[in-house]
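The values are calculated or read from the model by the stated rules, or taken from the named source; none is laboratory data. This structure is a prediction, so every number in the text was calculated from the model and none was measured. With ideal geometry, Cβ positions are generated from the backbone for all residues, glycine too; neighbour counts draw on all protein chains shown.
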Amino acid sequence: MYKTLDDVMSPISAPRQKDVLLPYAPVQTERVAVIINRNAKQVDDKVAKRISRLIPSADFFYSHTLEEAEAFARQVVQRGYGTIMCGGGDGTLVNIMNHVFRYVDEANDWRLQRARHFGERQALLPYPEFGILKLGTGNGLSSVVGCDHATLDLQKMLSGQRHPTVNIDLIESEGARFFFAGMGYDARILNDYNAIKTWASGNGMMKKLTATAAGYLMAVCAKSVPHMLRHGFNAQVRVINTGDEGYYMDPRRGDRAMPIKPGQVLYEGPAGLVGVGTAPFYGFGFKIYPFAGVRPGFMNLRVATCGPIKALSHLPTMWKGTWRDPELLDFMVSSVRVESKDGMPFQHSGDGQGNRNSIDFKISERPLKLVDYRGAAL
């Protein structure tokens, strides 16, 4: 793989010379770093100590804050780790991944500039592979790659039982990359769920309960649905296909993919949810984006116009990803713009991001290589 100077913007004001091609250095996948989020659901000092016994201390990074996580991401890039294992849920993985990608890009941009202006020829830094240690609340990606037990999975990685990787497309928006995002009542439910977890944090029994699917349903029934019934659940939205040809998954024709044109307005009217995903699952096996991953280079766009009571009445099939309804619209797109006059709560990776009146989503040019525990060891 090669990268040219056309891919970067030169901060150096010098006469333009011919483009320089530099190779990527090989990925040292045998070099494994472990980054654990102390604030994750299943993480405490005992868990951290148990994991730290499995790996050299220089390769173990125990993060207590977002600032520490960012500093650790820079260190693993500088030290040349080829595999980064993240423990702490989908949000932890996405946070570390974004920092790592940014630092790799910054280092490579600098090497290209040095090659162009001074003739230095350092190989470009490769992008590392990532792995999941199931220690968070959401862990939607764990259902995609089959990870289940953090210490056992880490032992397999460190004992030489190398597993294959799977490429998972990333969604780009507002300078960040992620696997799923939503505007509307999914963001409200996540905010309510986090509020309930905070409320229960001082009670051991309630803390354990709220860390399960029961806690998520408690947020839905006790906070989110009553609020939506009192204040309304729909916002006026306009959704536009800003990419190449996409597809509408027509439930009347057995989910047949019906082509849609670039620039076409996919939906305009009231909606309670507009979400996108390249991975099918939220946490607890909730298959919110059943068409995610069906075709590389596309995300599953879902627009829901039904109310919360109807959605709850179909909860079992909705959870499995098999519910189809004229008020539940599914598309496959590579780029999309969502506009809302009223503004809607927005989340990605399970973390609230405030309200948005408009936002753009597109498939990133670089997918994530994620360790796949479902495959036989290499």
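Listed here are the residues, each with its yes/no results for (1) within 21 Å of the chain's Cα centre (by Cα); (2) over 25 Å from V144 (Cβ atoms).
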| site | (1), (2) |
| --- | --- |
| L54 | no, no |
| S57 | no, yes |
| A71 | yes, yes |
| G80 | no, yes |
| T83 | yes, no |
| N98 | yes, no |
| F101 | yes, no |
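Could we say that E365 is within 28 Å of E245 (Cβ to Cβ) and in a loop (DSSP other than H, G, I, E, B) here?
yes
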Exercise. Can you confirm whether region 103-111 contains a residue that is in contact with a Phe, Trp or Tyr (Cβ under 8 Å, 6 or more places away or on another chain), in the same structural domain as P23 (by TED's automatic domain parsing), under 18 Å from D169 (Cα atoms) and aliphatic (A, V, I, L, M)?
Key: no
Practice problem: Output yes when any residue across region 321-331 is among the aromatic types (F, W, Y), surrounded by fewer than 20 Cβ atoms within 10 Å (Cβ to Cβ) and modelled with pLDDT of 85 or more, and no when none is. | Solution: yes
Quiz prompt | Subset of region 86-121 that is touching a Leu at 6+ places or on another chain (Cβ under 7 Å) and within 14 Å of Y24 (Cβ to Cβ) - its residue that is surrounded by the fewest Cβ atoms within 10 Å (Cβ to Cβ) | solution = R121
